[in-house]
Each structure stands twice: as structure tokens, then as C-alpha cells.
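**Q** The structure is given below, and queries will be raised subsequently.
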Amino acid sequence: MLTLQVQKPKLILEDGRRTDGRRPDEMRPIKMEVGILKNANGSAIVEMGKTKVLTAVYGPREMHPRHLALPDRAVMRVRYHMTPFSTDDRKNPSLSRREIEISKVIREALEAAVLAETFPRTTIDVFSEVLQADAGTRLVALMSASLAVADAGIPMRDLIAGVAVGKADGTLVLDLNEEEDMWGEADMPIAMMPSLSQVTLLQLNGNFTPEEFRAAIQLASKGIEELYKLQKETLTSKYSAYKEVN
Amino acid sequence: MTEKDKIRTLVLPGDLVGEVGEQQAWSPYIIRNGNKLYSTVIGLLEQRDNQLVILPLEGVYYPRPGDLVIGLIEDVELYGWTVDIVSPYKAYLQGSSLLGRPVNAGEDLRRYLNVGDYIMAKVDSFDRSSSPMLSVKGKGLGRISKGKVVDVSPVRTPRLIGRNRSMVETLSGETGCEVLVGQNGRVWMNCVKKESEELLVEMIYLIEREPYTKGLTEKVKSLIRERLGVNVASPEAQANT
């Protein structure tokens with residue numbers, strides 16, 4: 001019989017490093033790519049450590065059913081979905097309560113950035129598929145969605161970058177991994193539009209003192225800056241041939 | 001204008017493009033935050049007579065009144081047709097616009113335009129609250145009865161037309177075909193020879209693939225000349241231009 005580990009592991013080791021060997025303010029390795037699906041208007045894939053999310057954007061297009069369309073702006077429909085093979089045990093492919101909630105959270109974060117009033121009476125469909133889950137999927141999904149929306153040519157205020165901050169064994173850590181997510185004292189995903197310095201998503205699981213909260217925001221914005229730069233590089237590289245124009 | 005004014009730079013959503021000037025025209029691709037201007041799309045930024053202009057590199061066709069478009073008849077209704085113009089909005093063409101008289105009750109409009117027909121039309125009116133209305137009144141407008149239509153991305157039409165129509169003129173002049181570029185990314189062509197038509201389609205897809213490479217017009221010109229060889233100067237090709 002397999003015995004489940006119920007004891008909390010040590011999250012911060014003696015040398016101050018984390019269980020996966022990172023420093024507390026270090027993020028997992030990141031990979032991004034846009035324009036990978038031909039059928040979609042825009043698409044992107046983002047990897048953060050073992051977490052991997054693929055997003056496709058369709059639209060703006062005519063909305064069906066017609067009566068759900070809005071007269072003054074485009075309707076955003078977001079589906080966050082975890083593939084059955086994304087977790088250790090098979091995940092039931094139907095949308096769970098958690099996935100429906102995360103879809104809503106991602107939609108609201110995206111709506112803050114997308115200029116939906118440019119295309120009244122239409123819909124913008126965003127499909128995020130988690131191919132591999134290992135903590136932080138909602139933010140990776142949000143980042144890939146923002147890249148895919150930009151790739152689709154839909155006007156938006158800014159790209160969205162996000163990272164989680166948390167507390168593990170009393171230390172503030174950036175970009176939680178699975179163990180820290182499960183055993184840590186706090187988990188706070190934050191997403192921002194960096195060039196406008198506005199927050200589009202902030203959730204908190206656990207507890208922070210006011211000082212810790214301020215320090216956590218500081219830590220997150222450092223990570224977000226880095227992610228934002230990477231997002232821009234990803235988009236630029238697709239058009240590198242256009243740099244020398246006319 | 002100096003040489004520097006012509007330089008285009010790649011911009012991404014959220015990129016700072018400039019300060020609010022006196023006469024900055026409204027554009028969906030530029031937003032204001034305080035007295036700063038930011039880009040909202042992936043595009044090429046250009047300075048045009050003290051105005052900032054962003055040419056988007058991705059996106060769909062957004063109809064504007066006066067645009068020449070090539071539409072595909074999608075459905076025949078009692079008093080008109082619904083037309084696909086590769087846009088998020090379905091267009092409508094009134095029967096009276098084509099017939100020049102009111103449609104008689106019970107008249108079968110299928111006799112004039114049927115599902116699957118291509119039409120050359122102008123966008124008559126379109127705003128945020130209503131679907132685009134098309135009109136076929138005008139020279140050269142109406143049902144397309146010959147030639148070939150190919151689809152490209154609608155954001156490539158400025159490049160396909162070129163500065164002062166230089167690219168279309170190169171395409172039609174060098175191949176000896178008639179070429180018309182609809183603003184919605186559909187291109188109509190009518191060629192005498194099969195080879196020149198195939199070559200033309202190839203060139204159009206080339207322009208779609210690499211739209212903003214340096215000296216593209218010259219490249220297209222030399223490619224066509226190379227492929228057609230002596231045929232380019234043949235009398236019938238000349239007659240067709």
C-alpha cells in the first residue's frame with residue numbers, strides 16, 4: 001500500500017534555499033511562444049517550470065447566440081481548462097467548480113486590459129488549456145491569454161504579467177512551487193499591467209501582516225518586470241524581420 | 001520631411017509612443033493616459049505630418065464607409081442578400097441597389113445573385129450600432145463574372161496596394177493581369193494566361209508572408225520578370241494593362 005505523506009516537509013533548507021534549489025526571490029525558468037496555432041486568430045504557449053499552458057483566441061467574431069451580444073462592446077468568454085493528463089491522477093475532463101471560478105477570475109483580469117468597446121456586438125473567445133499543472137496555473141494561463149490576445153491584433157491597454165508570492169516557513173518566496181503552495185502559510189497571485197502600473201488580479205490565500213504584504217507586493221513587481229520584458233521579447237522576435245523596414 | 005520621418009518602428013501593446021500633440025487624430029490603436037500616448041496593438045509606428053499613425057500587423061477587417069470590398073453572397077433573403085466580407089460583422093446588400101428599382105413582392109432574387117457569388121461593392125454605411133450596408137452603384141461594381149479571387153489577411157492590404165498604389169501597379173503591369181485589392185483582404189484578378197495567374201497568386205502570398213521586408217516591390221518585380229522571361233513583353237500582355 002502506498003502511504004500518503006501527511007507530514008509537512010521543510011520548505012526552506014539550512015542554506016536558505018528552497019526545496020527545488022531556488023533562492024527565495026528567484027522564479028522558475030520561463031519559456032514563451034506566440035502564433036503557434038494556425039486556425040486561431042491568436043495563440044500563445046507559456047511555460048513556467050513544469051507548468052505549461054496553451055491559449056487560443058478566436059475573434060472578434062459574430063456572437064452566437066445572438067441575444068447574448070452586447071450593443072456597446074464585445075463579450076469576452078474565457079475558458080480555463082485542465083487537460084485530463086495535466087495532473088498526477090487523471091483529472092475529470094469536465095469543468096470543475098474550481099475551473100469555472102478561475103475562468104471568471106481570468107476573464108475579469110483580461111477585461112481590464114482589452115478595449116472591448118472597439119468591437120460592439122461581437123465576441124472574443126479565449127480558450128486556455130493547462131497541459132501540465134505544477135502550481136501557478138492561473139497566472140501562466142493569464143499571461144498566455146494576454147499574449148494570445150495581442151497576437152490576435154485585438155486592441156489592449158497593456159500586456160498582463162503575473163506571479164505569485166507566498167510565505168513558506170516564515171520567509172517570503174517568489175513564484176511558489178507545488179510544495180510551498182500546499183504547505184506554505186500564504187499564497188498571493190498578483191497580475192499587473194506594468195507600463196500603466198495597474199493591478200488586474202490579486203488573490204490571497206492564508207495570511208500576511210501589513211509589512212509582509214507590502215514586501216510581498218515589492219517582491220512580486222520585481223518578478224513581474226522580468227516577465228513583462230520576456231513577453232515583449234517574445235512578441236518582438238516574431239517580427240524580427242520587420243525591424244529594418246523601408 | 002526628412003529621411004527620419006519615414007522610419008517605421010515596431011510597437012507592442014502598452015508601448016509609449018509619444019506625448020499628446022495638438023492634432024492627434026483618434027485611432028483605436030492609440031490610447032491616451034494623462035498626456036502620454038500608448039500603442040494598443042502590435043504594429044508599425046509612423047510619423048505622418050505631425051500625426052502618429054500605427055499600422056496594425058494583426059487583426060480583422062473593420063468596415064469603413066467608402067471602402068471597396070469583395071464580398072461573398074452567403075444568403076438570399078426577400079429583399080436583399082447577406083454578404084460575407086471577412087469581418088466580425090455580416091454585411092447586407094439591398095436588392096434595389098443592384099436592380100435600380102424596388103424589388104417586386106415575390107420576386108426571386110436568386111436570379112440575380114446566388115449563394116457563392118462574389119461581388120465587388122462599396123461600404124455605404126456602417127457604425128457601431130448597425131451592420132454594414134453595401135452598395136453596388138458605381139463603375140466596376142456588381143457581380144464578379146470572371147477571374148479569380150484570393151483571400152489574404154486584411155491587415156496586409158496597405159502593403160498589397162503600396163505607397164501611391166506602387167505595388168498593385170507593379171503586379172498588374174508586370175504580369176499583364178487586371179488586379180483589384182478589396183480593403184477586406186480579398187484580391188480579384190483577371191488574367192489572359194494561366195501561368196501569369198499562378199505567378200500572381202504566388203506573389204500575393206509572398207507579400208502576405210513577408211510584408212515589410214526592404215525593397216519588396218523591386219523584389220517582386222524582378223521575380224516576375226525572371227519567371228515570365230520574354231513573355232512579359234508579348235503584345236497581348238501589353239494590351240491587357
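**Q** Identify, please: which residue in the range A:191-201 is of a type in the set (A, V, I, L, M) and touching a residue at least 40 places away in the same chain (Cβ under 8 Å) and is, among those, farthest from the other protein chains (Cβ to nearest Cβ)?
**A** A:LEU201
**Q** Let me ask something additional. Considering only residues that are at pLDDT below 95 and open to solvent by less than 50 Å² (accessible area, probe 1.4 Å), look in the range A:178-193 and name the one that is nearest to A:ARG18 (Cα to Cα).
**A** Only one residue fits best here, namely A:GLU180.
**Q** So A:ARG107 ticks every box in (1) open to solvent by less than 10 Å² (accessible area, probe 1.4 Å); (2) free of Cβ contacts under 8 Å to residues at least 40 places away in the same chain but one. Which box is left unticked?
**A** With (1) open to solvent by less than 10 Å² (accessible area, probe 1.4 Å); (2) free of Cβ contacts under 8 Å to residues at least 40 places away in the same chain applied to A:ARG107, the lone miss is (1).
**Q** Another question, if that's okay. Would you confirm whether or not the range B:135-150 contains a residue that is surrounded by 18 or more Cβ atoms within 10 Å (Cβ to Cβ) and small (Gly, Ala, Ser)?
**A** The answer is no, given that none of the residues of the range B:135-150 is surrounded by 18 or more Cβ atoms within 10 Å (Cβ to Cβ) and small (Gly, Ala, Ser).
**Q** Ok, one more. Among the candidates A:ASP175, A:ASP169, A:ASP151, which residue alone is away from every other protein chain (no Cβ under 14 Å), farther than 20 Å from A:ASP88 by Cβ, open to solvent by less than 10 Å² (accessible area, probe 1.4 Å) and touching a residue at least 12 places away in the same chain (Cβ under 8 Å)?
**A** The conditions single out A:ASP175.
**Q** Related question: When residues of the range A:229-242 are filtered for being in a helix (DSSP H, G or I), open to solvent by less than 30 Å² (accessible area, probe 1.4 Å) and at the interface with another protein chain (Cβ under 8 Å from one of its Cβ atoms), how many remain?
**A** So the answer is 2.
**Q** So A:VAL163 ticks every box in (1) in contact with an Asp or Glu (Cβ under 8 Å, 6 or more places away or on another chain); (2) surrounded by fewer than 24 Cβ atoms within 10 Å (Cβ to Cβ); (3) not basic (Lys, Arg) but one. Which box is left unticked?
**A** The number of the failed condition is (2).
**Q** Right, something else. Filter the range A:75-132 down to residues that are in a loop (DSSP other than H, G, I, E, B), basic (Lys, Arg) and closer than 29 Å to A:LYS50 by Cβ, then give me how many there are.
**A** Final tally of qualifying residues: 2.
**Q** Exactly one of these conditions fails for A:SER146: (1) away from chain B (no Cβ under 13 Å); (2) closer than 19 Å to A:THR234 by Cβ; (3) hydroxyl-bearing (Ser, Thr, Tyr). Give me its number.
**A** The failed condition is (1).
This table checks each residue for (1) closer than 30 Å to B:GLU46 by Cβ; (2) in a loop (DSSP other than H, G, I, E, B).
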| residue | (1), (2) |
| --- | --- |
| A:ASP158 | yes, yes |
| A:ALA164 | no, no |
| A:MET188 | no, no |
| A:ALA216 | no, no |
| A:LEU227 | yes, no |
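**Q** Having 3 or more residues that are more than 12 Å from chain A (Cβ to nearest Cβ) is the bar; report the strands (runs of 3 or more DSSP E) wholly within the range B:1-71 that clear it.
**A** B:51-56
**Q** Look through A:LEU68, A:LEU95 and report the one residue that is under 30 Å from B:PRO154 (Cα atoms) and away from every other protein chain (no Cβ under 14 Å).
**A** One residue alone meets the criteria, A:LEU68.
**Q** Then there's this: Hey, can you tell me all the residues within the range B:69-99 that are open to solvent by 40 Å² or more (accessible area, probe 1.4 Å) and under 19 Å from the mean Cα position of the chain (by Cα)?
**A** B:LEU72, B:VAL86, B:LYS90, B:TYR92
**Q** For the range B:130-188, enumerate the residues that are in a strand (DSSP E or B) and hydroxyl-bearing (Ser, Thr, Tyr).
**A** Those that are in a strand (DSSP E or B) and hydroxyl-bearing (Ser, Thr, Tyr): B:SER130, B:SER131, B:SER135.
**Q** Answer yes or no: is there a residue in the range A:205-213 that is in a loop (DSSP other than H, G, I, E, B), without any contact (Cβ under 8 Å) to a residue 12 or more places away in the chain and either open to solvent by 30 Å² or more (accessible area, probe 1.4 Å) or more than 14 Å from chain B (Cβ to nearest Cβ) (or both).
**A** Looking through the range A:205-213, at least one residue is in a loop (DSSP other than H, G, I, E, B), without any contact (Cβ under 8 Å) to a residue 12 or more places away in the chain and either open to solvent by 30 Å² or more (accessible area, probe 1.4 Å) or more than 14 Å from chain B (Cβ to nearest Cβ) (or both).
**Q** While we're looking at this one, here's another question. Would you confirm, using the coordinates I've provided, whether B:ASP117 is charged (D, E, K, R), without any contact (Cβ under 8 Å) to a residue 40 or more places away in the chain and assigned by TED's automatic domain parsing to the domain that holds B:SER135?
**A** no
**Q** Take the residues in the range A:34-53 that are open to solvent by 40 Å² or more (accessible area, probe 1.4 Å) and under 14 Å from the mean Cα position of the chain (by Cα), then tell me which one is farthest from the other protein chains (Cβ to nearest Cβ).
**A** Looking at the filtered set, the residue picked out is A:LYS50.
The values are calculated or read from the model by the stated rules, or taken from the named source; none is laboratory data. Note that the coordinates shown come from a computational prediction; the quantities given were computed from them, not determined experimentally. Here Cβ is always computed from backbone atoms with ideal geometry, including for glycine, and neighbour counts include all displayed protein chains. Protein only, heavy atoms only, side chains kept; ligands, DNA and RNA dropped before computing areas. Shrake-Rupley method; radii C 1.70, N 1.55, O 1.52, S 1.80 Å.
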